[in-house]
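What follows is one structure encoded as C-alpha cells, with my remarks underneath.
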C-alpha cells in the first residue's frame, strides 16, 4: 500500500509540474557554476520571458478542454536504410523519442515505449498512438541520451528493457540522473553524466551537454524540484556532421540558444519540440511551434524534425494544433516545408543528404 501511495503521489506531482564517465558537481575553482545552488539543486540563469500567444485563437489564453488524444497514422517503409551502413536516418517513435541510426551507430533519445507517461502503468497519461517502432524492430542501440528526469522523458520500463536487450549500451545523462539509472540496475560503467558545457566521447561521437530553459522534478516533495539537471545534447562526428537534440525546452530570453549557436552552429539536424504550449502560460516551460521555428533559424539548421506532441494529453493543445501552427510559422518566417518536417510515427527519414 505504501508503494502504491508513493507512486500515486509521484503521478499527481508529475501531472501538476509537467503539463568514459564524467560525473559529480562541476566547479570553477572553488566556486560553484552559476546554475548550481549551494544546496545541490539547479536553476536557470537566463531570464524567463512572459508567456506568448502563438496563434490568434482565444483558447491559447483561456482553454476550455484538455488535449484529447486519438490514434495517428503509423508509417512503414525505408527499412532497407537500416541495413545500409553508409546511411543515416531518424525515426520518430513518438512524443520526444527518436531513433537515430548514424552510419550504423544507433542512438535512442528520451526513450519512452511504455503505454503511460507515469511512475506506474495502472494510471496516468495514456498514449493515443502506439510507439511508431517497437524495441524488437530496432536494429541496434549503442547510445541512449536523456534530456531530463520527467516521466515522459525518463521512463524506467523503457530504460530497463533497453539495457536488457543491449547490455553494452552507453547512457548519457545530466548531473545527478546517474543515481536514478544505477537504482534501476544500469552499471556505473555504462553511464556518462555531464554538466552543462561538458563533453565526452561515445563510440564515434563527441557528446556535449548544453543548457536549455526547463526544469526537473520526479518526486512528491518540493525538495525534489530541480534536484537533477536538465539540458539538451550536441552530437558530433568530428569534421562530418552535427546534431542538436533539443529535448524539452522553453525559449526563456533566448540567451542559452544564442550561445549554443555561436559555439556549434550551424547544425545539420535539429530535433525540436513543438507541443504542450497552450494555454500561453505553458510557454514558460515549453516552446511553441513559432519559437521552434525561430530556433531552427537561429541554429542554422539544415533540417529540423518535430517532436514532443501527438501522444500524451497533458495540457490543452488540440492534437492537430502543433503541426498546424508550425505550418503557419514556416510560412510567416519563410522556412521551406522541407526544412522543418513533422514526421509520421514510425517514419524513417534520411538525414545528412
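So here's what we get for this one:
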| item | result |
| --- | --- |
| Selection status of residue 134, closer than 30 Å to residue 194 by Cα, under 21 Å from the mean Cα position of the chain (by Cα), surrounded by 15 or more Cβ atoms within 10 Å (Cβ to Cβ) and at pLDDT 95 or above | no |
| Flag for residue 278 being surrounded by 22 or more Cβ atoms within 10 Å (Cβ to Cβ) and not in a helix (DSSP H, G or I) | yes |
| Close pairs from the range 181-204: first within 30 Å of residue 46 (Cα to Cα), partner in a helix (DSSP H, G or I), Cβ under 8 Å, at least 6 apart | 181/159; 191/178; 191/181; 191/182; 193/178 |
| Residue count, the range 307-353 (criterion: in a loop (DSSP other than H, G, I, E, B), at negative phi and modelled with pLDDT of 95 or more) | 9 |
| Residue in the range 78-94 that is in a loop (DSSP other than H, G, I, E, B), touching a helix residue (DSSP H, G or I) at 6+ places or on another chain (Cβ under 6 Å) and modelled with pLDDT of 70 or more present | yes |
| Residue match in the range 294-306 (condition: out of contact with any strand residue (DSSP E or B) (no Cβ under 7 Å at 6 or more places or on another chain), modelled with pLDDT of 95 or more, more than 25 Å from residue 172 (Cβ to Cβ) and outside any helix (DSSP H, G or I)) | no |
| Residue count for the range 166-184, restricted to those that are assigned to a helix (DSSP H, G or I) and either modelled with pLDDT under 95 or buried (at least 17 other Cβ atoms within 10 Å of the Cβ) (or both) | 3 |
| The listed residue being more than 14 Å from the chain's Cα centre (by Cα) and under 22 Å from residue 94 (Cα atoms), out of 228, 283 | 283 |
| Selection count, the range 24-41, where residues are closer than 13 Å to residue 197 by Cα and at pLDDT below 65 | 4 |
| So residue 239, is it surrounded by fewer than 20 Cβ atoms within 10 Å (Cβ to Cβ) and in a loop (DSSP other than H, G, I, E, B) | yes |
| Selection count, the range 102-118, where residues are closer than 19 Å to residue 163 by Cβ and crowded, with 24+ Cβ neighbours inside 10 Å | 6 |
| Residue 139 being part of a loop (DSSP other than H, G, I, E, B) and more than 23 Å from residue 309 (Cα to Cα) | yes |
| Some residue of the range 185-206 being part of a loop (DSSP other than H, G, I, E, B), modelled with pLDDT of 95 or more and touching a helix residue (DSSP H, G or I) at 6+ places or on another chain (Cβ under 6 Å) | yes |
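Condition check ((1) part of a loop (DSSP other than H, G, I, E, B); (2) at pLDDT 95 or above; (3) surrounded by fewer than 17 Cβ atoms within 10 Å (Cβ to Cβ)) across all residues:
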| position | (1), (2), (3) |
| --- | --- |
| 209 | no, yes, no |
| 230 | yes, yes, no |
| 244 | no, yes, no |
| 259 | no, yes, yes |
| 286 | yes, no, no |
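The values are calculated or read from the model by the stated rules, or taken from the named source; none is laboratory data. Just so it is clear, the model here is predicted, and its values are computed rather than measured. Positions of Cβ are backbone-derived with ideal geometry, glycine not excepted, and every protein chain shown enters the neighbour counts.
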